[in-house]
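The values are calculated or read from the model by the stated rules, or taken from the named source; none is laboratory data. Here the structure is a predicted model, which is why all the values come from computation and not from measurement. Virtual Cβ from ideal backbone geometry, glycine too; neighbours counted across all protein chains shown.
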Amino acid sequence: MTDTIARLKDAAGLKGWSDDPAEIAPHLKEWRGKYQGESALLLKPDSTEAVSKILAICNETRTAIVPQGGNTGLVGGQIPFDNEIILSLSRMNRIRMVDASGMNMIAEAGATLAAVQNAAAKSDRLFPLSIASEGSATIGGNVSTNAGGVHVLHYGNTRDLVLGVEAVLADGRVLDMLRTLRKDNTGYDLKQLFIGAEGTLGIVTAVALKLFPQPAERVTALIAVRDPQSAIDLLSRLQTATGGAMSAFELMPRLGLEFVLAHIPQTADPLSKPSPWYVLAEASGGANGHLEEAMESALSSSDLITDAVIAKSEAQRTALWKLREAMSEAQKPEGGSIKHDVSVPIKDIPAFLKDGIAAVEKLVPGVRPVPFGHLGDGNIHFNFTVPKNGDNAAFLARWNEIQDAVHDIVNRYHGSISAEHGLGIMKVHEIERYKSAAELDVMRTLKRTLDPNNILNPGKVVAI
Ligand code: ZN
């Protein structure tokens with residue numbers, strides 16, 4: 001083992017490794033404090049070639065590694081639970097190319113999502129992936145986990161934004177598929193294997209991404225609605241009114257807004273009366289004020305809403321978004337929270353919410369439901385906060401029981417038990433309850449074929 005460690009350090013290069021526990025410590029836990037791992041060696045190579053050498057050694061010596069981007073994942077996929085070596089891609093953070101007219105760019109895996117967005121913006125282009133952790137999350141991590149976020153409704157999730165991938169296989173071979181082509185119909189689309197695989201089939205070292213024009217106009221509104229069905233009907237109406245320009249459509253319950261107003265500084269309720277539900281809606285695209293007109297007239301003539309405010313300045317827009325973006329954080333001071341990241345067909349959201357809330361309330365009387373999120377693409381963050389003055393530990397101890405009840409209902413509606421966060425370690429066994437034997441068999445076959453020695457993020461995504 002000492003010989004292997006020495007070879008790995010050598011392959012990673014002079015500044016490419018650390019065995020200092022103080023430097024390794026932040027890589028062992030995630031920000032929600034749910035997981036704690038262990039590792040004695042952190043590798044931080046700065047080139048694809050170095051990653052290739054590292055993997056060849058790992059494969060030869062059966063040494064397991066856990067790849068890590070910005071360590072913002074929510075399902076433990078990036079944590080070394082079994083003293084594996086950590087492979088951080090953070091030093092591979094160059095933007096290799098931006099092609100404004102071709103509407104694409106190439107970035108290395110360790111570039112933060114914010115850096116990718118900024119590089120695109122400098123060329124007057126938009127990279128539309130947007131998530132709360134974009135300042136520290138890396139594009140390699142986003143691609144490896146197929147991150148979702150608030151603009152999936154209009155631009156798709158990460159998978160839809162990737163044109164090409166450079167990936168290092170378990171045996172060290174480099175798959176250079178960094179093509180920027182919009183059309184490439186030459187057989188199996190191998191890059192898809194590495195998108196959303198959480199580093200279990202290969203290590204993504206660089207990606208070619210789709211870019212879009214910067215929207216000429218953006219209209220943001222906070223809208224009060226009576227119930228989720230009204231929100232769904234409203235989305236359909238706004239899509240028609242704006243010619244399909246809706247780029248975000250986020251559902252929020254009153255309790256979630258109250259948590260934000262109570263715990264997040266510099267927030268205020270922009271509407272005069274409380275409403276049981278809210279939608280944060282944004283349309284983007286267009287030009288010449290047509291979008292605002294279209295939104296305004298659709299909202300003012302709508303029987304589906306009870307109140308609404310349209311942002312009239314960038315500051316107002318930021319303030320409205322803050323109400324939505326702070327919704328996760330604002331749940332923390334209220335005590336323990338049991339979270340689900342699920343999706344169901346949009347038409348079934350009202351029934352799912354009703355059934356899901358009823359099931360959890362039956363298990364835990366007084367539980368405080370805070371379901372919120374991306375109504376426009378069917379993805380609800382189905383969170384439950386401990387009853388007021390309830391026992392945190394006793395509540396959290398029932399996580400699995402509550403989760404199973406919720407996931408069974410999701411399954412009944414033909415939904416997904418992980419809409420955008422991935423499987424990681426958290427749902428690796430849970431998914432076995434819902435995927436067919438044939439689907440699981442194909443997943444395991446892929447894993448065994450591409451990583452026969454099980455060195456790539458073992459125990460994550462699929463148990464073999
Ligand atoms: Zn989300």
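If the condition is being of a type in the set (Ser, Thr, Tyr) and out of contact with any Phe, Trp or Tyr (no Cβ under 9 Å at 6 or more places or on another chain), then segment 413-464 contributes Ser418, Tyr434, Ser436, Thr445, Thr449. Does segment 49-64 include one or more residues that are in contact (Cβ under 8 Å) with a residue 24 or more places away in the chain, within 22 Å of Gly422 (Cα to Cα) and surrounded by fewer than 23 Cβ atoms within 10 Å (Cβ to Cβ)? For segment 49-64, residues in contact (Cβ under 8 Å) with a residue 24 or more places away in the chain, within 22 Å of Gly422 (Cα to Cα) and surrounded by fewer than 23 Cβ atoms within 10 Å (Cβ to Cβ): present. Quick check on my filter: what residues within segment 385-428 are aliphatic (A, V, I, L, M), within 30 Å of Gly69 (Cβ to Cβ) and free of Cβ contacts under 8 Å to residues at least 40 places away in the same chain? Of everything in segment 385-428, just one residue is aliphatic (A, V, I, L, M), within 30 Å of Gly69 (Cβ to Cβ) and free of Cβ contacts under 8 Å to residues at least 40 places away in the same chain, namely Val428.
Among the residues of segment 371-408, those that are part of a helix (DSSP H, G or I), of a type outside the set (A, V, I, L, M, F, W, C) and within 21 Å of the chain's Cα centre (by Cα) comprise Gly376, Asp377, Gln403, His407.
Among the residues of segment 175-195, those identified as exposed (fewer than 11 other Cβ atoms within 10 Å of the Cβ) and more than 25 Å from the chain's Cα centre (by Cα) are Lys183, Asn185, Thr186, Gly187, Tyr188. Scanning segment 377-391 for residues that are within 12 Å of the ligand (Cβ to nearest atom) and of a type in the set (S, T, N, Q), we see that the one that is surrounded by the fewest Cβ atoms within 10 Å (Cβ to Cβ) is Asn383. Kindly indicate whether any position in segment 428-435 is crowded, with 19+ Cβ neighbours inside 10 Å and of a type outside the set (A, V, I, L, M). No: zero hits.
Could you look through segment 25-66, keep only residues that are charged (D, E, K, R), farther than 30 Å from Arg96 by Cβ and assigned to a loop (DSSP other than H, G, I, E, B), and pick out the one that is farthest from the chain's Cα centre (by Cα)? Once the filter is applied, the top-ranked residue is Arg62.
The condition of being closer than 25 Å to Gly73 by Cβ and touching a residue at least 24 places away in the same chain (Cβ under 8 Å) holds for only one of Ile346, Ile380, Ile310, that being Ile380. The numbered conditions (1) surrounded by 24 or more Cβ atoms within 10 Å (Cβ to Cβ); (2) free of Cβ contacts under 8 Å to residues at least 40 places away in the same chain; (3) closer than 26 Å to Asn453 by Cα are all true for Glu198 except (2). If only residues of segment 94-132 that are in a strand (DSSP E or B) and among the acidic types (Asp, Glu) are counted, the one that is nearest to the ligand (Cβ to nearest atom) is Glu108. Pairing residues of segment 89-109 that are free of Cβ contacts under 8 Å to residues at least 60 places away in the same chain with residues that are charged (D, E, K, R), at Cβ distances under 7 Å and at least 6 apart in sequence or on separate chains, gives Ser90/Lys44; Asn93/Glu108; Arg94/Glu108. Looking across segment 89-107, the residues that are surrounded by 24 or more Cβ atoms within 10 Å (Cβ to Cβ) and within 20 Å of the chain's Cα centre (by Cα) come down to Leu89, Ala107. Among the residues of segment 301-325, those identified as surrounded by 15 or more Cβ atoms within 10 Å (Cβ to Cβ), of a type in the set (Gly, Ala, Ser) and at pLDDT 95 or above are Ala308, Ala311, Ala319. Of the residues making up segment 133-153, those that are surrounded by fewer than 23 Cβ atoms within 10 Å (Cβ to Cβ) and more than 15 Å from the ligand (Cβ to nearest atom) are Gly135, Ser136. Mind checking whether some residue in segment 415-430 is of a type in the set (Asp, Glu), away from the ligand (no atom under 16 Å from the Cβ), farther than 13 Å from Ser337 by Cβ and out of contact with any Asp or Glu (no Cβ under 9 Å at 6 or more places or on another chain)? No, segment 415-430 has no match at all. For Met246, all conditions in the list (1) in contact with a His (Cβ under 9 Å, 6 or more places away or on another chain); (2) surrounded by fewer than 20 Cβ atoms within 10 Å (Cβ to Cβ) hold save one; what is the number of the exception? All conditions pass for Met246, except number (2).
For segment 173-195, a residue qualifies if it is without any contact (Cβ under 8 Å) to a residue 60 or more places away in the chain and either among the aromatic types (Phe, Trp, Tyr) or not in a loop (DSSP other than H, G, I, E, B) (or both), and the qualifying residues are Leu175, Asp176, Met177, Tyr188, Lys191, Gln192, Phe194.
For Asn411, state whether it is closer than 30 Å to Asp233 by Cα, within 16 Å of the ligand (Cβ to nearest atom), of a type in the set (S, T, N, Q) and within 22 Å of the chain's Cα centre (by Cα). For Asn411, the condition - closer than 30 Å to Asp233 by Cα, within 16 Å of the ligand (Cβ to nearest atom), of a type in the set (S, T, N, Q) and within 22 Å of the chain's Cα centre (by Cα) - is not met.
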